[in-house]
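Here the structure comes first, spelled out in structure tokens, and everything after it is commentary.
The values are calculated or read from the model by the stated rules, or taken from the named source; none is laboratory data. Given the structure is predicted, the values throughout are model-derived calculations rather than measurements. Here Cβ is always computed from backbone atoms with ideal geometry, including for glycine, and neighbour counts include all displayed protein chains. The protein model used for the area step is the full one, side chains on, heavy atoms only, and it has no ligands, DNA or RNA in it. Shrake-Rupley method; radii C 1.70, N 1.55, O 1.52, S 1.80 Å.
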Amino acid sequence: MTKTVAVLGTGKIGEALLSGMIRAGWRPADLLVTTRRPERAEELRTRYGVDTVTNAEAAKRADTLILAVKPQDMGRLLDELAPHTPADRLVISAAAGIPTSFIEERLVSGTPVVRVMPNTPVLVDEGMSVISAGNHATSDDLAHTEEIFGGVGKTLRVPESQQDAATALSGSGPAYFYFLVEAMTDAGILLGLPRSQAHDLIVQAAIGAAVMLRDSGEHPVKLREAVTSPAGTTISAIRELENHGVRAALIAALEAARDRSRELASGNG
């Protein structure tokens with residue numbers, strides 16, 4: 001871990017990466033951050049012991065630049081970086097919907113770019129970060145990106161053509177589970193439970209089910225069947241889910257998220 005890494009735009013996701021890297025063994029002396037507000041810079045210096053610099057200085061000093069700004073701010077950031085970013089810098093974009101070609105066209109020809117779509121559970125070190133190589137990124141660049149994002153969860157390499165689908169499933173995925181927990185909690189209240197108890201029951205069921213899916217290696221159908229007794233409560237509930245088209249609604253929702261990701265990538269914001 002001798003490379004210097006700069007996180008440009010240290011909001012929630014940027015700070016999660018920064019703290020995850022430090023927990024994984026990166027030295028604060030090898031990390032740089034940029035922020036818009038001086039008070040935020042002071043907060044990060046105090047909390048993590050890292051240097052806070054300008055975007056231009058980060059481009060000059062760091063071997064790896066992580067662009068963790070909002071998609072609508074990416075063009076302005078690249079305009080600022082372009083005069084100061086040599087072609088040997090690895091540029092990692094964590095901005096949703098921004099293709100690697102958008103970045104490559106605005107920097108020195110040959111600059112290696114890697115696109116990453118993290119999701120919000122990186123804030124608790126349980127994220128999934130989907131990684132795609134640009135035209136000039138090497139296997140070493142991808143491995144370095146995995147080293148960084150592996151500190152806040154799991155990583156998965158996919159061709160960039162699959163990033164919109166990955167965004168629909170993984171990037172937006174936590175919101176679907178929150179929506180489901182919200183609905184099930186309301187159902188628990190309707191059935192007579194206090195909200196706090198309904199919430200605790202559903203959250204623990206979700207955690208337990210997720211761990212079983214991850215650790216058992218079993219297909220979800222088999223795990224579901226293990227809970228589903230003949231003529232029992234579970235099959236009655238599943239029949240209603242199927243009658244109301246929940247499976248079809250989920251597929252349609254994911255297709256809509258994928259299509260919207262494509263629109264954002266094409267500049268139709």
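Tabulated results
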{"item": "Unique match (being surrounded by fewer than 13 Cβ atoms within 10 Å (Cβ to Cβ), in a helix (DSSP H, G or I) and touching an Asp or Glu at 6+ places or on another chain (Cβ under 9 Å)) among ALA198, ALA237, ALA226, ALA256", "result": "ALA226"}
{"item": "Selection from the stretch 143-166 of residues that are of a type in the set (Ser, Thr, Tyr) and more than 21 Å from ASP125 (Cβ to Cβ)", "result": "SER161"}
{"item": "Matching residues, the stretch 121-152, being surrounded by fewer than 20 Cβ atoms within 10 Å (Cβ to Cβ) and touching a Gly at 6+ places or on another chain (Cβ under 7 Å)", "result": "PRO121, ASP125, GLU126, HIS136"}
{"item": "From SER261, SER266, residue being open to solvent by less than 100 Å² (accessible area, probe 1.4 Å) and more than 21 Å from THR120 (Cβ to Cβ)", "result": "SER266"}
{"item": "Residue match in the stretch 202-217 (condition: outside any helix (DSSP H, G or I) and either open to solvent by 80 Å² or more (accessible area, probe 1.4 Å) or not hydroxyl-bearing (Ser, Thr, Tyr) (or both))", "result": "yes"}
{"item": "Some residue of the stretch 67-81 being more than 27 Å from ARG258 (Cα to Cα), of a type in the set (Val, Ile, Thr) and either touching a strand residue (DSSP E or B) at 6+ places or on another chain (Cβ under 8 Å) or open to solvent by 10 Å² or more (accessible area, probe 1.4 Å) (or both)", "result": "no"}
{"item": "Count of residues meeting criterion [in contact (Cβ under 8 Å) with a residue 12 or more places away in the chain, open to solvent by 10 Å² or more (accessible area, probe 1.4 Å) and either assigned to a helix (DSSP H, G or I) or of a type in the set (Phe, Trp, Tyr) (or both)] in the stretch 30-44", "result": "2"}
{"item": "Contacts under 8 angstrom Cβ, first residue in the stretch 13-25 being crowded, with 21+ Cβ neighbours inside 10 Å, partner in a helix (DSSP H, G or I) and of a type in the set (Val, Ile, Thr), 6 or more apart", "result": "ILE13/THR120; ILE13/VAL122; ALA16/VAL122; ALA16/VAL152; LEU17/VAL122; LEU17/ILE148; LEU17/VAL152; MET21/ILE148"}
{"item": "Unique residue being surrounded by 24 or more Cβ atoms within 10 Å (Cβ to Cβ), aliphatic (A, V, I, L, M) and either over 21 Å from ARG258 (Cβ atoms) or in contact with a Pro (Cβ under 7 Å, 6 or more places away or on another chain) (or both) when the list is VAL108, VAL91", "result": "VAL91"}
{"item": "Residue in the stretch 146-156 that is closer than 17 Å to THR111 by Cα, modelled with pLDDT of 95 or more and out of contact with any Cys (no Cβ under 9 Å at 6 or more places or on another chain) present", "result": "no"}
{"item": "Subset of the stretch 128-152 [without any contact (Cβ under 8 Å) to a residue 40 or more places away in the chain and in a strand (DSSP E or B)]", "result": "SER129, ILE131, SER132, ALA133"}
{"item": "Residue tally, condition open to solvent by 20 Å² or more (accessible area, probe 1.4 Å) and part of a helix (DSSP H, G or I), over the stretch 153-165", "result": "5"}
{"item": "Residue that is farthest from LEU241 (Cα to Cα) [pool: residues in the stretch 184-195 that are surrounded by 10 or more Cβ atoms within 10 Å (Cβ to Cβ) and among the hydrophobic types (A, V, I, L, M, F, W, C)]", "result": "LEU193"}
